[in-house]
Amino acid sequence: AELRKASKRLSCHKRYKIQKKIREHHRKVRKEAKKRGRKKPKKDPGVPNAAPFKEELLREAEQRKQKLEELKQKQKINRQKEHEKRRKLEAKQNEAKIKQKGGVESSGQSKAKTKKLLDKNSKKSFCRELNKVIEASDVVLEVLDARDPMGCRCPQLEQAVTCSGGNKKLLLVLNKCDLVPKGNLEKWLNYLKKEFPTIAFKSATMIKDKTMPEQFKARRKRVDLSRTTECLGSKCLLKLLQEHGKTLNKPIQVGVVGFPNVGKSSIINSLKGVRACNVGLARGVTKSMQIVHVDKQTKMLDSPSIIADPSNTVLALALRSVINTEESSSAELLEAVDAILNNSSKQQVMMCYTIPDFRNTEEFLTLLAQKRGMQKKGGVADIENVAKSLLCDWTGAKVSYHSQPPESQSLPPYLTGDKISEMQECFNLKNLEEGNNTTLQALKCPSPASSIIFQSAGMANGTIEESNVIEAASEWENLETSKEEEEDFTEMMSESDLSYLQDTRVQATRKENLGKQQARPTNSEKQTAESKPSKSVLSSLEKIADEDDAYDFNTDYV
């Protein structure tokens, strides 16, 4: 026979006794809380509207916050550099040990493994994949943004293709032609065709496209996102490639190369007529070589973006670098926006964004944040996110701007008259001109008044060789270094210094998160507030304390 489970029922005497004990415990807790005093932390009311110079005070608070962030980022960069040095030293020591043991073969295998284990997002892998595309392709298409064609040209890439031998051809494709005035586009075509065969192109897009049929524009109709709309210049380009394939009597491979956000993948998609490659506003969406069969005779090779050399100007790095805007610091973003504004017409920028006159970049970004509703708590402008959105506008297809070609044409050192004739040999230039004329007629271009006048920075240098790439430390390494540094710093500091630092950090967080309730201060914090930090750390902490001294919000204004 199975045993019955014990009953959970209690006698009334026992149950009432338990309830009594619970009531007594709650009473005791309430009594202790009463003795301590239950003072709720006061909410930070912010700057009152009646206060004079409210906007200036808010700006000052924002500037202090930015300075703190910049200091933190500088410290982080220094830590990374130190960690890289240590890692290199350790690697050298390990190599020396391996050589002493005579394990040359094992070291070769380890190098091959590290090559395989390289991160897809790393710059070295980008360079390797780009070199694969250049080596495998018979024709290389260098895609240029029609708004700044000179800034999209990479002399290192052009030299690598022209001097490689093996009868490789280079074609220039002017993409995003619908964002430039017709007169300016004609000037650029006449300028560039003297060096390389140039094709005017307008790739197909799905959203807000001028050439989109009316059936797609109608509401309550399903749109197949895998299918693209009509594009301009695709027939001319395909004709040229097919003719070149017939002259070679073999199927050709066409590599599509260029800086980020130029429209490499969108060109392949428009030639194929289907969304074969991933496309996005983010920089560096394509991370490896992709093969797309357009027809039996032509294969398109999509490549990752060219990595902009750090020696370039700030403007070139702002528009052409592969680095994601989300990872970049606020100082870098402000510098990039400042470079764009300095090299473009101020009045046209004000007209484009419908913003009043501004004195500097910070004021421009605050005005833009107010217009777009990008504000933090307390009405403070979210400058970082506004700067990111502005950079996306300029690298994407939102803003119409144009640059003028140079007055005098000077050939680069790697290009000679013989090289130019070699590049133009197998292509029918008359058909190319006719095709460009048809695209120009079909294009709906903006007027010169509505397009912003932009001053180009010239050709942008790029790193193609894997050995020349300077790679940043990975995320997990950065985390490890930051943890190690924090531990070392805390060991050096005394208890009073640590508590003082905590107080300053708490003050900073209160100002950042306006209106949020904070936990009440502990007894240890009260004691540390009275005590002073040691002389060794005072000099470093005084700067933080001065920056964190905010406006006294408790003052009354009549």
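The values are calculated or read from the model by the stated rules, or taken from the named source; none is laboratory data. Please read these numbers as outputs of a predicted model, since none were measured by experiment. Neighbour counts run over all protein chains shown; Cβ positions are idealised from the backbone, glycine included. When the accessible area is computed, the model is the full protein with side chains, heavy atoms only, and any ligands, DNA or RNA have been set aside. Shrake-Rupley method; radii C 1.70, N 1.55, O 1.52, S 1.80 Å.
Numbers below:
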item: Theoretical gain in end-to-end length, Thr313 to Asn131 [0.36 nm per residue, Cα-Cα removed]; result: 63.0 nm
item: FRET efficiency for Ser408 and Glu465, using Cβ-Cβ distance with R0 set to 35 Å, rounded to 0.05; result: 0.65
item: Sulfur and carbon atoms: percent of accessible area, the range 1-46 [1.4 Å]; result: 53
item: Whole-Hz couplings from phi, Karplus 6.51/-1.76/1.60, listed for the range 406-415; x for Gly and Pro; result: x, 5, 10, 8, 10, 6, x, x, 7, 10
item: Amide H within-cut-off set for Leu170, under 5 Å, with H built and near neighbours excluded; result: Val140
item: Residue (of Asn343, Met374, Tyr401) at the positive-pole extreme of the range 342-410, dipole from beta-carbon charges; result: Met374
item: Label-point gap, in nm, between Arg4 and Ser447 - each point 7 angstrom along Cα→Cβ; result: 9.6
item: Environment charge of Asp357, counting only residues whose C-beta is closer than 10 Å and scoring Lys/Arg +1, Asp/Glu -1; result: +1
item: Per DSSP, loop trypsin sites (Lys or Arg not before Pro) in the range 1-79 with at most 14 further Cβ within 10 Å; result: Arg4, Lys5, Lys8, Arg9, Arg38, Lys39, Lys42, Lys43
item: Test item: Cα-centred dipole of the range 1-81, Lys/Arg +1 and Asp/Glu -1 on Cβ, debye; result: 1300
item: Share of Cα-Cα pairs in the range 242-318 lying beyond 19 Å, as whole percent; result: 43
item: Whether the range 1-95 is rounded, prolate or oblate, judged on the alpha carbon gyration tensor where a/c under 1.5 counts as rounded; result: oblate
item: Computed lengthening from Cys12 to Ser330, 0.36 nm per intervening residue step minus Cα-Cα distance; result: 107.7 nm
item: Local electrostatic count at Thr416 - Lys and Arg +1, Asp and Glu -1, tallied over other residues with Cβ under 15 Å; result: -3
item: Förster-model FRET efficiency, 56 Å R0, Lys67 and Lys99, C-beta, rounded to 0.05; result: 0.70
item: Entries of Lys272/Lys444; Lys74/Lys388; Lys193/Lys444; Lys194/Lys296 with Cα pairs more than 26 Å apart; result: Lys194/Lys296
item: Cα-based Rg and Dmax for the range 331-436, where Dmax is the largest Cα-Cα distance (Å); result: 21.0, 65
item: Förster-model FRET efficiency, 41 Å R0, Lys246 and Lys74, C-beta, rounded to 0.05; result: 0.10
